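*Asks:* I'd like to ask you about the structure that follows.
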Amino acid sequence: QPSEPTQPAPQAVPAMAVPATPTSAPGALTPILVFCLIFGIFGLIGTCFGGFGIGMIFVSEQLFDAVPMEEEQKVFNKLSMDAQKGVIVPSIVLMAINLILATTLIMGAIGCFKRKESSRTFLRTALLAAIVYSVLKIVVTIFATNSANSAIESAIDKLKDDPMYQDILAQ
């Protein structure tokens, strides 16, 4: 009998050791990531309302012109509108920064939930920027408030010399 050539038995290929990557964030990090998501979402909502508020400044000015009202109310509305218009630019800048920060907080938190290594650094940078932004916002808000108050006070001082408004301002 002729011998048949034997084929070598297939050898089992050893399985490569692939570390299992966790699918979620570690327990201690989860509350921080949830807060980042919540703050990011509230930041987006706040930016939307801020944009709506700035739009309403111009709409209300047109409404005040169209609605008949007493002279002292018109004077007050005009002073108020002028003061609000003086702080629109800083408000828009703050809203733009807030929009960027809110988006980065959301993206960083989601990335950390997915365990992306780059998201950890991204979120850390976003949180540091949020702290700097908060301090900057306080400074700009104080400046804007003082600026608006100064505008109203100077307008009232101008009106004090006008005999038509002396009765109104004396009240």
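The values are calculated or read from the model by the stated rules, or taken from the named source; none is laboratory data. Since the structure is predicted, the reported quantities are computational estimates derived from the model, not experimental observations. The area values use the complete protein model at the heavy-atom level, side chains included, leaving out ligands, DNA and RNA. Shrake-Rupley method; radii C 1.70, N 1.55, O 1.52, S 1.80 Å.
*Asks:* Note down the accessible area of MET69, probe 1.4 Å, to the nearest 10 Å².
*Replies:* Looks like 50 Å² after rounding.
*Asks:* If you don't mind, there's one more thing I want to ask. Using a 1.4 angstrom probe, figure out how much accessible area the range 61-107 has per residue, in square angstrom, rounded to the nearest whole.
*Replies:* Per-residue accessible area for the range 61-107 comes out at 62 Å².
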